[in-house]
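Structure first, commentary second.
The values are calculated or read from the model by the stated rules, or taken from the named source; none is laboratory data. Source: prediction; values computed, not measured. Surface areas here come from the heavy atoms of the whole protein model, side chains and all, with no ligands, DNA or RNA. Shrake-Rupley method; radii C 1.70, N 1.55, O 1.52, S 1.80 Å.
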Amino acid sequence: MCAKTIETKDITYEGLLQGNADWIQDMIQADPDYFDKLSAGQHPPVLWIGCSDSRVPANQITNTMPGDIFVHRNIANVVVHTDMNLLSVLDYSVNVLKVKHIIVCGHYGCGGVNAALGNKQVGIIDNWLRHIRDVYRVHQLEMETMKDPEKRSNRMVELNAIESAANVVNTSIVQNAWANGQELSVHAWVYSLRTGKITDMKVSSHGINDVHPAFKVSL
Ligand code: CO
């Protein structure tokens, strides 16, 4: 059932379509009704907010299937309150799909986080990565005690995931869901490209009492 392993350099436009045809065959072979069932509707219990990095695909690294995870990805898994794309995904997944878990998943070695730690101009993306510099400023004292570049990068990845998860908690969408008695938890995870392992940052929020007073919405 597993798709054949192919080197990234061998991927071609035609190859993608062939891969699709192969995959359809595999899935139907395992379950002839697979696509009928899948097309009937989706009830994913999880919203994933992750990095666009090609090496961190939500389904593969959690051993899940199509239909299991609702996904939003952007460069460096940044959550900002003015991002209509993210807010729309969040609103739909919480209020329509009624997901039970929202997971912000960063990853060590994140190019976006590393770019934010440096001073080099990259381009338009610098404006996006400014949000990570804001996270740095909040945690400046801790970050300044670290001199080793890899340790600094790793910690920044963790802090960025933690702050993004806090920004999810601080939305009126999540707080209203809790006020309405909806079961919903928000988590921060970090994935290791080197080992494939996910580490739970253990900062999960489960209700209105987990919201910092400065961000509590009057309900
Ligand atoms: Co990344």
Pairs of Cα atoms under 8 Å, at least six residues apart: use those to get the relative contact order of the stretch 95-172, whole percent.
43
Assuming a ≥ b ≥ c are the square roots of the Cα gyration tensor eigenvalues, decide whether the stretch 75-124 counts as rounded (a/c under 1.5), prolate (otherwise, with a/b larger than b/c) or oblate.
oblate
In whole angstrom, the spacing between the Cα centers of the stretch 183-207 and the stretch 102-138 equals 19
Whole-percent carbon and sulfur share, accessible surface of the chain, 1.4 Å
54
Å² of accessible area per residue within the stretch 43-126, as computed with a 1.4 Å probe and no ligands counted:
48
Let me see the P(r) profile for the stretch 1-133: every Cα-Cα distance counted, bins of 10 Å, each bin given as a percent of all pairs.
10, 30, 33, 22, 5, 0
Just the number please: accessible area per residue for the stretch 162-219, 1.4 Å probe, all protein chains included, in Å².
54
What does the convex hull of the Cα atoms of the stretch 56-192 come to per residue, in Å³, rounded to a whole number?
114
Of 21, 115, 165, the most mobile residue in a GNM of the chain (C-alpha springs, cutoff 10 Å) is 21
